[in-house]
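These notes are about the structure you will find just below.
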Amino acid sequence: MIQIDGLSKAFGGLQAVDACSFSVGKGRVTGLIGPNGAGKTTLFNMVAGFLKPDDGKVVLDGEDVTGLPGHVLFHKGLVRTFQIPHEFSRMTVRENLMVVPPAQVGENLIKSWLRWSKVRAEEIRVRHKVEEVLDFLSIDHLADELAGNLSGGQKKLLELGRTMMTDPKVVLLDEPGAGVNRTLLGKLAEAIQRLNEERGYTFCIIEHDMDLVSKLCDPVVVMAQGTVIAEGPMHDIRANREVQEAYLGGGMSGRMGHHHDVARQQAAAQAATLTPREAGA
Ligand SMILES: Nc1ncnc2c1ncn2[C@@H]1O[C@H](COP(=O)(O)OP(=O)(O)OP(=O)(O)O)[C@@H](O)[C@H]1O
């Protein structure tokens, strides 16, 4: 689905992403993990068209899309979720879904604004879609709530809902689990799983919560210092010595020190330890 080939990006003297290559397979949920500062977000920004790579290629469904801007990729079915913009917090959940532009918008639709019947038909289609998304994510009860009043986890569900409005082919999720309580985390994970299994969505997910990664992602790609150091099922990744060293060595000190938080440190510690189940106990 997406081939990332030798992608590189430097910021001044810092090589944030360094000849990074891997694939995101169609119909899979690929996890992207690695210590703080490994280059994951920078890589995502290049794949989603928000940052121009210095070198390398991004191929989407056989088409070279390197350096194409985000809105062009969006129309090709590749979307990246973003936090709900500040100014949308005073709109309701339903309104937040209504205003997502359809991915296939083109001149026809713009012209059609002159033709009342087509406008009506489009509005009815969008309204149906909104109700369907609210129902799928079990957030119908929040439809008239202001987005600004939602909890962290509810906001993530709404972000996923906004993505669903565009019927994407491949979705890049940047830390869907961050700041989400356990109950909503289960709901979010289930929604991602169902979108993948029932609707064929392909996902690539950056995540620090290793439980969530084990539950959702196969394969898992590990980045450290801008390159891919391991790739495979989570079970193998946890046992991989180079991965353990990346987390315990550079990961928690030195160049990576731009932000630390407890969850990330726990995730790093977790990645380096076999759970009893995985150790065969
Ligand atoms: N716009 C920028 N200008 C300068 N340096 C940057 C910029 N964006 C990222 N970096 C640096 O590039 C390196 C990779 O950062 P990136 O955010 O991609 O890592 P990450 O793996 O996503 O980390 P985290 O898990 O902490 O979010 C870091 O050292 C970071 O400080």
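Please list, in chain and number order, the residues 5+ apart from Gly31 or on another chain whose amide H is under 5 Å from its amide H, with Hs placed from the backbone.
Under 5 Å from the amide H of Gly31 lie the amide H atoms of Ile205, Asp218, Val220, Val221, each far enough along the sequence or on another chain.
Mean 1/r over all different Cα pairs, inverted: what Kirkwood radius does segment 109-207 give, in Å?
14.8
Can you put Leu157, Leu134 in order of Cβ neighbours within 10 angstrom, beginning with the fewest?
Least to most surrounded, the residues fall as Leu134, Leu157.
Per the Kirkwood formula on distinct C-alpha pairs, the Rh of segment 50-93 is how many angstrom?
Hydrodynamic radius (Kirkwood, Cα pairs) of segment 50-93 is 12.6 Å.
So how do Glu131, Glu159 line up by other beta-carbon neighbours within 10 Å, fewest first?
With the fewest neighbours first, Glu131, Glu159 line up as Glu131, Glu159.
Report the local net charge at Ala230: Lys and Arg +1, Asp and Glu -1, summed over other residues whose C-beta lies under 12 Å from its C-beta.
So the environment of Ala230 carries a net charge of -2.
Once you list every other residue whose beta carbon is under 14 Å from the beta carbon of Asn181, what net charge do they have if Lys and Arg are +1 and Asp and Glu are -1?
That sum, taken over residues with Cβ under 14 Å, equals +2.
Note down the nm distance, to one decimal, between modelled labels 7 Å out along Cα→Cβ at Ala10 and at Glu198.
4.9
Would you mind counting up the charge near Gly39? Only other residues with Cβ under 9 Å from its Cβ, with Lys and Arg at +1 and Asp and Glu at -1.
Here the count lands on +1.
Would you pull out the residues with amide H under 5 Å of Thr92's amide H, same chain only if 5 or more places away, H placed 1.01 Å from N?
When sequence neighbours closer than 5 places are left aside, the close amide H contacts are Ala147.
Taking neighbour counts of Cβ atoms within 10 Å as a proxy for exposure, in what order, fewest first, do Leu172, Leu14 appear?
The most exposed by this proxy come first: Leu14, Leu172.
Using the eigenvalues of the Cα gyration tensor, what equivalent ellipsoid semi-axes result for segment 1-43 when each is taken as the square root of five times the eigenvalue, whole Å, largest first?
Working through the eigenvalues yields semi-axes of 22, 12, 6 Å.
Holding the Cα-Cα limit at 28 Å, pick out from Lys9/Lys129; Lys57/Lys129; Lys76/Lys129; Lys118/Lys187 the pairs that are longer than that.
Violating the 28 Å limit, Cα to Cα: Lys9/Lys129; Lys57/Lys129; Lys118/Lys187.
Would you kindly derive the ³J(HN,Hα) couplings of segment 61-75 from the backbone phi angles with the Karplus curve 6.51 cos²θ - 1.76 cosθ + 1.60 (θ = phi - 60°), listing them in order in whole Hz, with x for Gly and Pro?
6, x, 9, 6, 10, 3, x, 5, x, x, 5, 6, 5, 4, 6
Might you report the magnitude of the Cβ-based charge dipole of segment 5-78 about its Cα centre, with Lys and Arg at +1 and Asp and Glu at -1, to the nearest 20 debye?
240
Values in this text are rule-based calculations from the coordinates and carry no lab data. All figures in this text were calculated on a predicted structure; none of them were measured in a lab. Neighbour counts are summed over all protein chains in view; Cβ atoms, including those assigned to glycine, are modelled from backbone coordinates with ideal geometry.
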